[in-house]
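Enquirer: One structure follows; several queries about it will come next.
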Amino acid sequence: MFNDVGPLELVTLVVLAVLVFGPDKLPKVVQDVMRTIRKIREFSESAKQDIRNEMGPEFKDFEFEDLNPKTFLRKQLENEDLGLKEIRNGFDLKKEMAEVTDAVHSRESDSSSGPGASGGSVDMTKKPEDSGHDTRPPFDADAT
């Protein structure tokens, strides 16, 4: 709950509590706060248990933390029934990239050896489309 509270912040909170409540009332305030936190936790746990009971026996292993999308996805991806490990292990990214690189290099060397090659550079300009085709989308009379 207080994972990011450092020692300096903790000392500051204690000093402020002593100044605000005084040394004689501070133990009673701490007891009241702890009692309130304990009651809130008990209420939360009883509400969770009531919801589990109402959902039925098929949801007895249901955890409310699973409603967090990150936790849900992590659990589903680690599930062995889906076979994702086999798919992940069967996909070799280095092999795929090597094949793509080889294909690009062989295509580049083939095109540069042909007549009219421009020193291996690629023409990235947009070619004009064939003027014989209609550029407007087809009109559908039934749709209007």
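Enquirer: With the structure loaded, tell me whether Lys70 is free of Cβ contacts under 8 Å to residues at least 24 places away in the same chain and touching a Lys or Arg at 6+ places or on another chain (Cβ under 8 Å) or whether it fails that test.
Expert: no
Enquirer: On the basis of being open to solvent by 100 Å² or more (accessible area, probe 1.4 Å) and either of a type in the set (Val, Ile, Thr) or at pLDDT 85 or above (or both), does Lys60 make the cut?
Expert: In short, no.
Enquirer: If you check Asp66, Asp50, Asp32, which single one turns out to be at pLDDT 90 or above and open to solvent by less than 100 Å² (accessible area, probe 1.4 Å)?
Expert: Asp32
Enquirer: Among the residues of the stretch 104-113, are any of a type in the set (A, V, I, L, M, F, W, C) and either modelled with pLDDT of 80 or more or loosely packed, with under 10 Cβ neighbours inside 10 Å (or both)?
Expert: Yes.
The values are calculated or read from the model by the stated rules, or taken from the named source; none is laboratory data. What you see is a predicted model, and the numbers here were worked out from it, not measured in a lab. Reconstructed Cβ throughout: ideal geometry from the backbone, glycine too, with neighbour counts over all protein chains shown. Quick note on the areas: whole protein, heavy atoms, side chains included, nothing else; ligands and nucleic acids left out. Shrake-Rupley method; radii C 1.70, N 1.55, O 1.52, S 1.80 Å.
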